[in-house]
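Notes to accompany the following structure.
Just so it is clear, none of the values below were taken in a lab; they were calculated from the coordinates. Predicted model only: the values in this text are computed from it and were never measured. Note: ideal-geometry Cβ built from the backbone for every residue, glycine included; neighbour counts use all protein chains shown.
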């Protein structure tokens, strides 16, 4: 699954550590999500969407949909 | 999850021995819980080695107390296991995934060694000590954690 977290984070000028702190997860988790190595749980995806003020589908893009 | 369990932020610099398995990018609370588990595991190892030495040096001198002495390491191991359960329960979701995958891999490896070797025993190989299978489990678990930490770094 692709996502726009790195872009959204950069727009706000946050580091991975700052975003991790706001989402109550580790920096390792944010890095793994941004690089596409790990897909977050549904509760975390909701927290990400709420934090950025967007819908989940505006942040996370299904590989099949994007092709 | 409490405030203390949030992102690790900066690295730790030189890590002490009881921080084995702790990545600087892990949540602070996860590192703290894992360090506690490592310290308790070390305490168990020391108690285990001490108990073995005492039982070998004083095989009959302890009387019925030898059973109490022999059971002591199990108590320390139980405390260490409770600390590990706390670590898993409070862990960040990626850390939990890494740990559970590694536990599954470790269990599978131990099972494979134990039952695979049991066939060799039937063919005439020397019998396997259960400690050897446990070591295979622990080794496979540690390798799996190290590989996952590298993969998700």
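D by Stokes-Einstein for region B:92-153, Kirkwood Rh over Cα pairs, 4 °C, 1.567 mPa s: 104 µm²/s. One equal scatterer on each Cα of region B:18-153, no solvent, Debye formula: the resulting log10 I(q)/I(0) at q = 0.22 Å⁻¹ is -1.25. Enter the Cα centre distance for the pair region B:97-153 and region A:1-46, rounded to the nearest angstrom. With region B:97-153 and region A:1-46 each reduced to a Cα centre, they are spaced 33 Å. Descending by average beta-carbon neighbour count within 10 Å, the peptides A:16-28, B:116-128, B:33-45, B:70-82 line up as A:16-28, B:33-45, B:70-82, B:116-128, the highest first. Note on residue B:39 and residue A:46: the model spin-label points, each 7 Å out from Cα along the C-beta direction, lie 3.7 nm apart. Note on region A:1-45: Cα Rg divided by 2.2 N^0.38 Å, N the number of residues, gives 1.03.
Averaged over the residues of A:16-26, the number of partner chain Cβ atoms lying within 10 Å of the residue Cβ comes to 6. Spin-label model, residue B:151 to residue B:120: label points 7 Å out along the Cα-to-beta-carbon direction sit 2.7 nm apart.
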